[in-house]
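Read through the structure below, which is laid out as structure tokens, and then see the notes.
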Amino acid sequence: MKMTNRQINFPSLVWIFIFIIAWASLVAYFNKSPFQNDITQFFPNQQSIEAQYLKNRLTPSQKTSWLMLAVKTNHPQQELYEVSQAVQAQLLKLKGIKQVLNGSEPYQSPLQQSPIPKLYRYRYLMTSFEPAQLSSQIQQRWQEYQLGFVLDKHWLLDDPSFQWALYQNKLKPSQQLAKENGVWINSQHAKALLLIETEKRPAVLANIYKQLELTLGKNNFELSGADWIALQAEQQIKKGVNWITSLAIGIVFLALLIAFRSPKLIFFSSLPLLGAFSVGILSTISLFGSMQLITLALGAILLGVAVDYPIHTISAYQSKKISVVQKIWPTIRLGALTSAFGFLMLWWIDIEGLQQMAIFASSGLLSALLMTKALKPYLASHYKISEIVSSEKPINKVTGQTQSLYFVRYLLPGLVIIAAVLFLKPIQWQDDIASLSPISKDLIQTDRQLRSLFQYQEVGKQLLLPAKNIEDLLQHEEALMAELENLKTSGSIQQFQLLAQILPSQLLQAKRQQNLPDPTTVVTSLSHAVEATRFKSTHFQPFVNSLELSRQLPLMTYEKFIQGNETSAQLASQRVLSLSDQFIGVISLSGVTSDQVIEEFVQQHTDLGLIYFNQRKLVAEQITEIRSGLFQILGFILIMLGISLWLKYRNVRQVFTVLSPIVMAIGLTLATFSLLHISLSIFHLMSLMLVAAIGIDYSLLFFEGAQQTEHSNEWSRSIRVAFLTTLGSFGILSMSQLVLLNAIGLTVLIGVLWVYGLAFLISKKPKPIVKQC
Amino acid sequence: MRLKQTALKTILLVSLYLPFTAFSQEIKLSELFNALSQVKTDHKSFIEEQFDPLLEISQTKFGVMYYQSPNLLEQHYEKPIAGSITFSPTLIKINFPNRKLELAVESFPEIALFSQTFLNLLNGNLALLQKSFDLAFKTSENQGWQLKLTPTNQLKNHVQTIQIRGSQTEIHSILLTKISGDWRKITLQDIPLKKAVVK
């Protein structure tokens, strides 16, 4: 038997892709949900109660989605309740709808439920029972009994004061919405109100809208809810992003086609970018377990520089001189390495989202560099040049004869101009994240209106009450309740919700328990109460027994309460937050007419540690912190570039010559924005990092190209192609209506224009004297 | 002459046969519902008797009942409490001293069932009744009839039977018997002309 001794000799590029595919398969096998969308991963790890609360409330926890719907009639003769019933019936037919509430839901007797709610037996501890009112309550029950409107006789006899119904109203505030004809109607606005619980799938939400549009007509309903807004934002982003990114990519390919006139070369130049994305994603998921979609979106912008590496390399090969390739490659490598290490600096901002971006961008850039190197044999073959090392020795030393005139001519005036502009017109920072939101003002307005109609708490209008334990928290909340009621009466707020409304403190429960009358007293009260009716006091023996049982019940604890049922657990999770060693009570406010009144209220209760949670203000503070971190990172990136250049040139002036266009370009970009009265956000700052990454390539190539005695055209040609592709793609982005894309596009456009112009100018004059080794 | 005799014989035979035809004019269920469906509006006085075996309370209420085809049924109580209850397919409106309420029919399924069944009966809507009940129709002497409705859907958990008695195309009483043993009987009477006019 003859053994074959042939080795399979795959080129390195193929090996890289085999490696990427194997890695992707492993990640896909072990990680079922590799992409997440959790905005809190981009928030600083602040220790303040407000910051922790904000992070907690923005973490998605609900499995289903609730939508608010307000409808009006589309025919004058049609009644609102008819529309409400018809819409309810139609929506219930749709797939993915869990329930549609319109106020007509039957009120079920607790005794007919199976099992009987655990909290039912605690009704006399959960609510305040007033023995003095028993007589009038029995009279009322008798009237209902006579009319035949008794839901369950056994419930009537067990709970004649309807304590359970009182408690249910506290558990389900929507039951307090005004009704007309048995359904929720806001007569002031002539709208029927409905609540829809659906599966959290965009298709289901979109289908609801479609159905409503079909049934009622576009102008006869208003729909809102957190997930609905998120879906709208996503659609608006998709709409805005799809065409503009397609156009930007088209421009890049067109520029490449004009420059290289070969589809094969365009294919080659896209491979490093493809590899950069793949390795960036895989590295991030492997290290963090998952990747944030925001990281992917913003990181992808940073990876835009990766397309320049094959462009520079192909331009060098176009000279058909291996010596040019050998000279240009170390410059490309240096640019890529410094950019990769620069982006890695984002790791030092202690925010997971930005740390993911650091890994994604730096591993991506290194992969792009590696793949560009792996492309070289293909390019050599394409241009039919030998890959052997040229006998022409590369320049390895540039004598430092840069004249001090350079500093006087360019650097100094440039810095003075930047300083003067920024002094006279300081940068305007835009830290209100809402201003960058793609959500339309109409959608936000609709949401606000619906929240008001449903008496829901407004987003970001909460009082936070810290306490050592639940009992302290509940007692403090009970102490505040009377004054909150006063705020309600005075019209400063429409409604408030807190935990103590549905779970009284142990102290209050014990007090209520002590105040419950003994059986003899109850029977005496009952015998008086039934006098004007045909009820007998003996009919109410279950009630006497229930009261006696309540007198002996162990008090309801928070732990037992949340185990009670799904509703109480869900409500508790909304009204209290456990943070390390303390509990934070969340008092939701709706219909706040004056922030000042609330601020004053909080000031009056500083002893309890009451905090007014102002989400917008807090987010702005956090953005300021991120901005300051990004500024530091930008500084670190520039220092990193300086160190890398020092290691290459060992000459301060040469380092300055290469570095100064980048520093000045960043400064001039900021000054340009100031002069154009454009407020800057963190996205402008992140884009400046890309300007630095692109700038180091241009500056190095211009500088090195200027040292060449021959084939210097290939150097400048390579920069020109990269410059035009960047200009085209980011120019398109800058025209986007989406604030985010506009910020990125405009920053890179202005920054690249400055860095290209400055690097070109500075590399020309003064021309250093080249000494051959 | 012969013609005269034949005519006389015919008259005699017809006159003898007529009482028989009149007596055997037993109304059929479809005819009854057809006749009921022709009535567009009506009002009668009623006596409502109720018995609750659990509390051993029996009650008797009086009032006037108004019906307007197809969806309005109103009970105006005069004794022991003055007030009204209006039933429509989706809503129950209660208007009593210190008590004004509008309830969705879904909130009180038993009451809704009673009013809806009553409306279906007054509307002569046989098909709708047959959807929820087994119907047993019996006629008796003096053109009387009895219709027994036995629920076939989830209502059978609460309601045992509804018995309606009447004669010709008139409904005399409706008796609702619950599984719990509670019963409610409404007896309808024509309103004296004078009172009706005043009303």
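Rule-based calculations on the coordinates, nothing more; no lab input. What you are looking at is a predicted structure, and each value in this text was computed from that prediction instead of being measured. All Cβ positions, glycine included, derive from the backbone under ideal geometry; neighbour counts span all protein chains shown.
Helix A:739-764 and the long axis of chain A differ in direction by around 20°, with both axes built from C-alpha atoms. Between A:T593 and A:H677, the modelled label-to-label distance comes to 3.7 nm, taking each label 7 Å out from Cα in the direction of the beta carbon. Using only side-chain charges placed at the Cβ, +1 for Lys and Arg and -1 for Asp and Glu, the dipole size of the stretch B:41-192 relative to its Cα centre rounds to 140 debye. Phi angles across the stretch A:81-92 convert, under the Karplus curve 6.51 cos²θ - 1.76 cosθ + 1.60 with θ = phi - 60°, into 3J(HN,Hα) values of 5, 5, 5, 4, 5, 5, 5, 4, 4, 5, 5, 5 Hz, Gly and Pro given as x.
Partners of B:K138 within straight-line reach, counting lysines whose Cα lies under 27 Å from its Cα and excluding those fewer than 8 residues away in the same chain: B:K28, B:K40, B:K44, B:K148, B:K156, B:K178, B:K185.
Cross-link pairs exceeding 24 Å in C-alpha to C-alpha distance, out of A:K72/A:K210; A:K210/A:K441; A:K118/B:K93, comprise A:K118/B:K93.
With an 8 Å cut-off on Cα pairs and a minimum separation of 6 or more residues, tell me the relative contact order of the stretch A:444-615 in percent.
45 percent
Under the criterion of Cα pairs below 8 Å and six or more residues apart, the relative contact order for chain A equals 20 percent. Expressed as a whole percent, the proportion of Cα-Cα pairs in the stretch A:681-758 lying more than 17 Å apart is 45%. Sorting the Cα pairs of the protein assembly as shown by distance into bins of 10 Å, from 0 upward, gives 2, 9, 14, 15, 14, 11, 9, 8, 7, 5, 3, 2, 1, 0, 0, 0 percent per bin. In plain terms, the chain from A:A297 to A:N545 could stretch by 82.8 nm, reckoned as 0.36 nm per residue minus the Cα-Cα distance.
The label point for A:A132 and the one for B:Q143, both projected 7 Å from the Cα toward the Cβ, are 6.5 nm apart. Note on A:I116 and B:E78: the model spin-label points, each 7 Å out from Cα along the C-beta direction, lie 4.4 nm apart. Between rounded, prolate and oblate, where does the stretch B:41-192 land on the alpha carbon gyration tensor, with a ≥ b ≥ c its root eigenvalues, rounded for a/c under 1.5, else prolate if a/b exceeds b/c? Rounded shape, in that the Cα axes give a/c under 1.5.
Once the Cα atoms are used to define both axes, helix A:595-604 deviates from the longest principal axis of chain A by about 70 degrees.
Angle, helix A:308-318 long axis vs. longest principal axis of chain A, Cα atoms, 0 to 90°, nearest 10? The helix A:308-318 is inclined about 20 degrees to chain A.
What shape does the stretch A:720-766 take by its C-alpha gyration tensor, where a ≥ b ≥ c are the square roots of the eigenvalues and a/c under 1.5 counts as rounded, a/b above b/c as prolate, and the rest as oblate? The shape class here is prolate. The charge dipole of the stretch A:444-615, taken about its Cα centre with unit charges on the Cβ atoms of Lys, Arg (+1), Asp and Glu (-1) only, comes to about 620 debye. For A:K264, a cut-off of 13 angstrom between C-alpha atoms picks up no aspartates and glutamates at all, skipping any fewer than 8 places away in its own chain.
Counting only aspartates and glutamates at least 8 places from A:K376 when in the same chain, those with an alpha carbon closer than 14 Å to its own are A:E387.
Sequence-ordered 3J(HN,Hα) estimates for the stretch B:42-54 from the Karplus curve with 6.51, -1.76 and 1.60 and θ = phi - 60° stand at 7, 8, 9, 7, 9, 10, 10, 10, 9, 9, 10, x, 5 Hz, glycine and proline given as x. Label reach from A:K172 (point 7 Å along Cα→C-beta): in the stretch A:472-503, amide nitrogens under 18 Å belong to A:502-503. Do the alpha carbons of any pairs in A:K93/A:K218; A:K179/A:K461; A:K320/A:K373 sit beyond 23 Å of each other, and which pairs? Table pairs above 23 Å Cα-Cα are A:K179/A:K461. If you take the square roots of the eigenvalues of the alpha-carbon gyration tensor of the stretch A:328-380 and sort them as a ≥ b ≥ c, do you get rounded (a/c under 1.5), prolate (a/b over b/c) or oblate? Because a/c hits 1.5 or more and a/b fails to exceed b/c, the stretch A:328-380 counts as oblate. How many angstrom lie between the Cα centre of the stretch B:68-106 and the Cα centre of the stretch B:114-163? With the stretch B:68-106 and the stretch B:114-163 each reduced to a Cα centre, they are spaced 22 Å.
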